[in-house]
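The values are calculated or read from the model by the stated rules, or taken from the named source; none is laboratory data. Note that the structure is a prediction, hence the values are computed from the model and not measured. Here the Cβ is made from the backbone with ideal geometry for all residues, glycine too, and neighbour counts use every protein chain on show.
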Amino acid sequence: MNNNNIPIIKDIFKLPNPNGLVLAQSGGGKSFFCKLLITRYLLNGTKVIVIDPQGEYKSLVSRFKGQRIDLSRDSDTMINPLDLMGHDYAEKRLSLIDLMQVMLGKMTDPQKSFIDKAISETYKLKGINDDSSTWNNTPPILEDLLEVLRRIEYDASQFEKTVITSLVNRLEMYVTGVFKFMNMHTNIEFNNKFVCFDIGNLPKQVKPAVMFMVLDYVYMKMKSDLSRKLLLIDESWSLLSRTEDASYIFEIVKTCRKFNMGLLMINQEVEGLFNSQAGKSVLANSAYTLLMKQKPAVIGDICKTFNLSDSEKQHLLTCSIGEGLLIMEDDHSKIKVIASPEEHKIITTNADELCKTEKKVVVNKQGRNIVIKIDSSKGIFVLKDLNEDEIKYLTESGYQKSKQKSFRSNKTEEYMIRPMPNESPSHFFVIWETKEYLESKGIKVETFNTKKPDLVFKIKNKTYAVEVESGKKILYDPKRIKEKVDELKKNYKNWFFVVLSHDSVSKYKAFGETIDIRYLKQKLSKIVG
């Protein structure tokens, strides 16, 4: 209703563009208004898609027999960040640069260059390139990108390595770390008139990234559909505030009207909206804005931006919940949002009212007292020495079960081993066992994961370097072996290869002293004396 209790009847799809913005402080009635708007448009045959960061729209989805897509740590549904999703190859790479800044945080220009190089190589390894016939190939996932980035890191100079390592560490969180649930292929399909992407159970740190991906996914899917569509993004500032330079977001805001799609954004954080390029783009491309109750701290910026009168300013400072000012093009109208009793039941966000309709059973269960004293940084454990809880803990920390034969005891046992980048469990096992053997003799050993040798130790003023090889690399990358040998000769007088494949020992001997793994204990005993 307007100020004179006359219904305000407008069709947003008949405005210059159907994009809208709802601005209000917490508790001002933003979500109530948007749910009511959704209800009215659903009843008029408009398709509605909601990105819901708080899980607030469940009852509305249920009432209209819509489809709720749960995106959470435990769900089977997720969007693969590297899925082309209908983009052409070049467009997707540009979109990913924006997305990576949301996922990984602010990046320097060199880091952007390295991540772009890694993205390009990752797609190339899946046969995806500028040729449109390759765009339907199975896309890579985040672990593929991480592996390529690690290879680039391995070959980089010392200065470049520092820059890339920061990217590797951040991306690892999405592959083996706390956000590893995002390391999967896209598993989403919808054809309902009302679809809600529920991200309420996601960790707050990844919500902006997932909101970005859902927005991208929906936008690309809806481009081929010219029927009326309304896309609502609740708490949209959590996305926009992380995308200061996101030209792709601007493009979506500016062009969605061409596909008969209206973008409705709800914002609580008004302060940052007026000071960012992303916020200004949203304001410039929104044909209508609903201003509800505002805080005195931001009212000055709001009055300046929307050219409000003193009367309108006072109204926004003193209005009740559900009241505000509707700005549609140059027309300003005071508004009061009123729902019918039946609508109210469906859309209310009042906690006291919700408690009356929801019945919760709380069961207190006494959990087990689990104490784990092992150090997960060790890298390897004998499986039989671990209990069930320790095995579970190590598995969740990225360890894998692996059978290995000891060169010391000649026994085969099962171990829990943490895989190293670009190295097999057997490679890591031999390095670890060699280190254990030498340290049992009182010898200090250094190990490396870089271009340096795998092990370096000193006995009686003699420094020894050991390079452990599976035996496969000499078949497909002899140039890399030659580079290693040159580096070893340059820095160490006493060095040798340890080769795990008996068939490859003779090939390595052409480059320098080589020890078959079966005779490693004998070699070490001779050195130790």
* Structure fact -> Of (1) assigned to a strand (DSSP E or B); (2) farther than 20 Å from Phe428 by Cβ; (3) aromatic (Phe, Trp, Tyr), Phe457 satisfies every one except (2)
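Looking at region 460-481, which of the residues that are in contact with a helix residue (DSSP H, G or I) (Cβ under 8 Å, 6 or more places away or on another chain) and assigned to a loop (DSSP other than H, G, I, E, B) is nearest to Glu439 (Cα to Cα)?
Within region 460-481, the subset in contact with a helix residue (DSSP H, G or I) (Cβ under 8 Å, 6 or more places away or on another chain) is 464-475, 480-481.
Still in the list and also assigned to a loop (DSSP other than H, G, I, E, B): 470-472.
Numbers: Ser470: 23, Gly471: 26, Lys472: 29 Å.
Only one residue fits best here, namely Ser470.
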* Structure fact -> Across (1) touching a strand residue (DSSP E or B) at 6+ places or on another chain (Cβ under 7 Å); (2) under 23 Å from Leu99 (Cβ atoms), Asn260 clears everything bar (2)
* Asked: Taking the stated definitions as given, is Val48 of a type in the set (A, V, I, L, M, F, W, C) and over 28 Å from Thr305 (Cα atoms)?
  -> yes
* Structure fact -> Inside region 293-320, the number of residues satisfying the requirement of being among the charged types (D, E, K, R), closer than 18 Å to Ile335 by Cβ and either in a helix (DSSP H, G or I) or more than 36 Å from the chain's Cα centre (by Cα) (or both) is 2
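Residues Lys401, Lys392, Lys411: which one is surrounded by 13 or more Cβ atoms within 10 Å (Cβ to Cβ), at pLDDT 90 or above and basic (Lys, Arg)? Spell out how you get there, then give the answer.
Details: Lys392 fails: at pLDDT 90 or above; Lys411 fails: surrounded by 13 or more Cβ atoms within 10 Å (Cβ to Cβ).
Just a single option satisfies the conditions, and that option is Lys401.
Could you tell me whether any residue of region 493-502 is farther than 18 Å from Pro453 by Cβ and assigned to a helix (DSSP H, G or I)?
In the first step, residues of region 493-502 are kept if they are farther than 18 Å from Pro453 by Cβ; the result is 501-502.
Retained after the next criterion (residues that are assigned to a helix (DSSP H, G or I)): 502.
Yes: one or more hits.
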* Which residues, counting only those in region 510-526, are more than 15 Å from Arg408 (Cα to Cα) and surrounded by 14 or more Cβ atoms within 10 Å (Cβ to Cβ)? -> Phe511, Gly512, Thr514
* Asked: Considering only residues of region 452-479 that are within 41 Å of the chain's Cα centre (by Cα) and exposed (fewer than 13 other Cβ atoms within 10 Å of the Cβ), which is nearest to Leu520 (Cα to Cα)?
  -> Lys472
* Somewhere in region 72-88, is a residue closer than 30 Å to Tyr123 by Cα, free of Cβ contacts under 8 Å to residues at least 60 places away in the same chain and not small (Gly, Ala, Ser)? -> yes
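Which of the residues that make up region 423-451 are closer than 22 Å to Ser157 by Cα and either surrounded by 20 or more Cβ atoms within 10 Å (Cβ to Cβ) or not β-branched (Val, Ile, Thr) (or both)? Please lay out each step first, then the result.
Within region 423-451, the first condition is being closer than 22 Å to Ser157 by Cα, and the residues that meet it are 423, 446-451.
Scanning region 423-451 gives Glu423, Glu446, Phe448, Asn449, Lys451.
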* Hey, among Lys489, Lys452, Lys484, which residue is in a loop (DSSP other than H, G, I, E, B), farther than 20 Å from Tyr519 by Cα and not assigned by TED's automatic domain parsing to the domain that holds Glu153? -> Lys452
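Taking region 101-126 as the search range and keeping residues that are without any contact (Cβ under 8 Å) to a residue 12 or more places away in the chain and more than 18 Å from Phe212 (Cα to Cα), which one is surrounded by the fewest Cβ atoms within 10 Å (Cβ to Cβ)?
So the first thing to find is which residues in region 101-126 are without any contact (Cβ under 8 Å) to a residue 12 or more places away in the chain, and the list is 106, 109, 113, 124.
Right, trim to more than 18 Å from Phe212 (Cα to Cα) and you get 109, 113, 124.
Numbers: Asp109: 7, Ser113: 12, Lys124: 13.
Looking at the filtered set, the residue picked out is Asp109.
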* Structure fact -> Counting only residues in region 34-50 that are touching a residue at least 12 places away in the same chain (Cβ under 8 Å) and among the charged types (D, E, K, R), the one surrounded by the most Cβ atoms within 10 Å (Cβ to Cβ) is identified as Lys35
* All positions within region 196-218 that are over 22 Å from Pro140 (Cβ atoms) and either more than 22 Å from the chain's Cα centre (by Cα) or not aliphatic (A, V, I, L, M) (or both) -> Cys196, Phe197, Asp198, Gly200, Asn201, Pro203, Lys204, Gln205, Lys207, Pro208
* To do: Pull up region 51-88, narrow it to residues that are touching a helix residue (DSSP H, G or I) at 6+ places or on another chain (Cβ under 7 Å) and assigned to a helix (DSSP H, G or I), then point me to the one that is surrounded by the most Cβ atoms within 10 Å (Cβ to Cβ).
  => Leu60
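Would you check if Glu269 is charged (D, E, K, R) and either farther than 25 Å from Gly28 by Cβ or modelled with pLDDT of 70 or more (or both)? Spell out how you get there, then give the answer.
Working: charged (D, E, K, R): yes; either farther than 25 Å from Gly28 by Cβ or modelled with pLDDT of 70 or more (or both): no.
Here the answer is no, as Glu269 does not meet what is asked.
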* Return a yes/no flag: does region 154-163 have any residue that is out of contact with any Asp or Glu (no Cβ under 9 Å at 6 or more places or on another chain), among the charged types (D, E, K, R) and either free of Cβ contacts under 8 Å to residues at least 60 places away in the same chain or closer than 28 Å to Ser376 by Cβ (or both). => yes
* Structure fact -> Only one of (1) at pLDDT below 90; (2) loosely packed, with under 15 Cβ neighbours inside 10 Å; (3) under 30 Å from Lys14 (Cβ atoms) does not apply to Ser311, and that is (1)
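Any residue at all in region 156-164 that is small (Gly, Ala, Ser) and farther than 25 Å from Glu91 by Cβ?
Here is the first cut: in region 156-164, the residues small (Gly, Ala, Ser) are 156-157.
Filter once more, so that each one left must be farther than 25 Å from Glu91 by Cβ: 156-157.
Scanning region 156-164, I find at least one residue that is small (Gly, Ala, Ser) and farther than 25 Å from Glu91 by Cβ, so the answer is yes.
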* Asked: Out of (1) out of contact with any helix residue (DSSP H, G or I) (no Cβ under 6 Å at 6 or more places or on another chain); (2) in a helix (DSSP H, G or I), what's the single condition that is false for Val195?
  -> (2)
